[in-house]
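Take a look at the structure set out below.
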Amino acid sequence: MNDGPGAIPLTSALYDSEGMRALDAAGMALPEIAPGELMERAGAALLAAVRAHWPEVRRLGILCGPGNNGGDGYVLARLAAQAGLDVRLHSGPSRARPQSDGRQAHRRWIEHGGAMAPLEAFDPADAELWVDCLFGIGLERPLHDAYGEVVERLNASGRPVLAADIPSGVNADTGAVPGPAVRARHTVTMIADKLGLHTGAGVDYAGTVEVARLDLPEQIARGVMPRARHLGPEDWQDRLPARRPGAHKGNAGHVLVVGGAPGFSGAARLTALAALRAGAGRVTLATHEDHAAWANADRPEIMVRAVREPTDLLRLARQVDVIAAGPGLGTEEWGRRLWHAVADAGVPLVVDADALNLLAATPRQMDSWILTPHPGEAGRLLNRPAAEVEANRPAAVLELAQRFGGVSLLKGAGTLVADADPGVEVGPLTCVTGGHAGMAVPGSGDVLTGIIVALRAQGLEARAAAEIGAAWHCAAGRVLRARLGSWRGLLAGELADVLPAAAGEEGV
């Protein structure tokens, strides 16, 4: 996907710090925006969030940093005091220019009788709710000194926190958290949404995210390329493959799942089950002869073929529309030989699990495949530790797409999807949200592979299959959590079984 600047609506766009600075400048350049007006609107948006989410609060604490994020806090303090709240404000030394909006907001707070206490005097017990206005999107270093100490004391206190724009210490571009960072219950992010709030460690710190547009028009986004497109819970169902009334199973594609080395039959069976639940017309499981006879005992809808040699597999490959390779495949001789056979078969592929590890050992490129690594597998593909992948997930998924071709889907909190043609400038990423921690169970990724391969078999292009597959997977997790009454103890097979309900409006 290579959308031109402005092609993604502002409501679906996720920006990095560079893009946000451009949007901010465009907003301030509007003739109707007076100096300091956007900061006034930001402070008002924070007060509205306090009233909406914590209406019982009477003692409000605000932590102000040295820049414009601190300026938002000074505006909030003034407005909250005028509304009758008891405001406790702590601030560090200002580094803002004397005529900046932040310094003007600071001056107005003092002129209205506002008091400030140093950060060193911060006591979380002094307020019922704290608002984090320390640092915004420009912070690119770990918090340290007094700021880091304040953040650690605040987190340890258990007091609820509202974050202004982004929790201090979270990288707005990547979601990485290189040091202490504020753990917020709710984040009000200004003008437009940020990628770092929705992927990586950032999701553990942002809480629920609300975008305050500050009454700015959509036109400010023209010519500003977002970092990613946000695909949330409501943005995918109308992109599912349609099926005409007179269709038969042959119109919905034939999927081949390759996997299931001795002792590892479960992963491939989960992928095959999910492919059926996601609408594939036919699903064949090519697996090891040790368990082929009973691999479909509980699901006779799955066609099973014992595969001993690559020639056996290639005969099957000529009869199918798309192949999912890797679940339970193993990296021993049997798995290696089958992997090389399917990689050379000329059939569109969804590559997961052990097939990714085999690809890392013998790298190659292909335009028609979808790679679906978790951070550990991505690290092996890129020859770096998983922690480095997580430290910059956007860069990692782009590098995967550029190095291996096709489409790459990097699993994790805030799943990222990218494609890249060698020598062609890449378009925005897609960030898929809406899942939950209960989905982090064995076999969950195998179910995702089954969904994606089924969508591909039903005619979706590779990028669309990856994006919608990830969103459908998240929706199934939400449906299952609602049915069980808890996120605890979810099973991957149950995720596959609720896919039909999750595809309907009543299921989400």
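The values are calculated or read from the model by the stated rules, or taken from the named source; none is laboratory data. Because the structure is a prediction, the values reported are computed rather than measured. We place every Cβ from the backbone using ideal geometry, glycine too, and count neighbours over all the protein chains shown. Side chains included, ligands, DNA and RNA excluded: accessible areas come from the protein's heavy atoms. Shrake-Rupley method; radii C 1.70, N 1.55, O 1.52, S 1.80 Å.
If we keep just the residues of region 50-98 that are of a type outside the set (A, V, I, L, M), under 32 Å from the mean Cα position of the chain (by Cα) and in a strand (DSSP E or B), which is surrounded by the most Cβ atoms within 10 Å (Cβ to Cβ)?
C64
When you scan region 140-157, do you find a residue that is touching a residue at least 12 places away in the same chain (Cβ under 8 Å) and under 21 Å from the mean Cα position of the chain (by Cα), even just one?
There is at least one residue in region 140-157 that is touching a residue at least 12 places away in the same chain (Cβ under 8 Å) and under 21 Å from the mean Cα position of the chain (by Cα).
Which residues, counting only those in region 458-493, are among the small types (G, A, S) and without any contact (Cβ under 8 Å) to a residue 12 or more places away in the chain? Before you say what the answer is, go through the steps one by one.
Step one: filter region 458-493 for residues among the small types (G, A, S), giving 459, 462, 464-466, 469-471, 475-477, 482, 485-486, 489, 492-493.
Once the filter is applied, which keeps residues that are among the small types (G, A, S) and without any contact (Cβ under 8 Å) to a residue 12 or more places away in the chain, region 458-493 yields A482, G485.
What single numbered condition from (1) open to solvent by less than 10 Å² (accessible area, probe 1.4 Å); (2) under 25 Å from the mean Cα position of the chain (by Cα); (3) modelled with pLDDT under 95; (4) not charged (D, E, K, R) fails to hold for L14?
Among (1) open to solvent by less than 10 Å² (accessible area, probe 1.4 Å); (2) under 25 Å from the mean Cα position of the chain (by Cα); (3) modelled with pLDDT under 95; (4) not charged (D, E, K, R), L14 violates only (3).
Evaluate the following for V407: is it β-branched (V, I, T) and touching a Lys or Arg at 6+ places or on another chain (Cβ under 7 Å)? Show your work before the answer.
Values: β-branched (V, I, T): yes; touching a Lys or Arg at 6+ places or on another chain (Cβ under 7 Å): yes.
Judged against the criteria, V407 is a match.
For L47, are the conditions met, namely being in a helix (DSSP H, G or I) and under 21 Å from L195 (Cα atoms)?
Details: in a helix (DSSP H, G or I): yes; under 21 Å from L195 (Cα atoms): no.
Here the answer is no, as L47 does not meet what is asked.
Looking at region 268-286, can you tell me whether even one residue there is at pLDDT below 95 and either within 13 Å of I451 (Cα to Cα) or assigned to a loop (DSSP other than H, G, I, E, B) (or both)? Full working, then the answer.
Of the residues in region 268-286, the ones at pLDDT below 95 are none.
No.
I need every pair where a residue in region 295-309 that is touching a residue at least 40 places away in the same chain (Cβ under 8 Å) has its Cβ under 8 Å from the Cβ of a residue that is surrounded by fewer than 15 Cβ atoms within 10 Å (Cβ to Cβ), sequence separation at least 6 or different chains.
So the pair list comes out as V307/E289.
Return the total of residues in region 258-275 being within 20 Å of V498 (Cβ to Cβ) and surrounded by fewer than 24 Cβ atoms within 10 Å (Cβ to Cβ).
Narrowing region 258-275 to residues within 20 Å of V498 (Cβ to Cβ): 266-267, 269-275.
Okay, now just the ones that are also surrounded by fewer than 24 Cβ atoms within 10 Å (Cβ to Cβ), so 266.
Looking only at that region, the number is 1.
Are any of the residues in region 3-25 more than 30 Å from V432 (Cα to Cα), in contact (Cβ under 8 Å) with a residue 60 or more places away in the chain and not β-branched (V, I, T)? Explain how you work it out, then say what you get.
In the first step, residues of region 3-25 are kept if they are more than 30 Å from V432 (Cα to Cα); the result is none.
Looking through region 3-25, none of the residues is more than 30 Å from V432 (Cα to Cα), in contact (Cβ under 8 Å) with a residue 60 or more places away in the chain and not β-branched (V, I, T).
Give me the helices (runs of 4 or more DSSP H) completely within region 441-508, filtered to those with at least 2 residues that are surrounded by fewer than 22 Cβ atoms within 10 Å (Cβ to Cβ), ordered by residue number.
462-484, 492-497, 499-503
Only one of A360, A387, A395 is more than 20 Å from the chain's Cα centre (by Cα), open to solvent by 10 Å² or more (accessible area, probe 1.4 Å), among the aliphatic types (A, V, I, L, M) and at pLDDT 95 or above. Can you tell me which?
Numbers: A387 fails: more than 20 Å from the chain's Cα centre (by Cα); A395 fails: more than 20 Å from the chain's Cα centre (by Cα).
Residue meeting the stated conditions: A360.
Counting only residues that are open to solvent by 10 Å² or more (accessible area, probe 1.4 Å), part of a helix (DSSP H, G or I) and closer than 23 Å to P35 by Cβ, how many does region 99-134 have?
Counting residues in region 99-134 that are open to solvent by 10 Å² or more (accessible area, probe 1.4 Å), part of a helix (DSSP H, G or I) and closer than 23 Å to P35 by Cβ gives 9.
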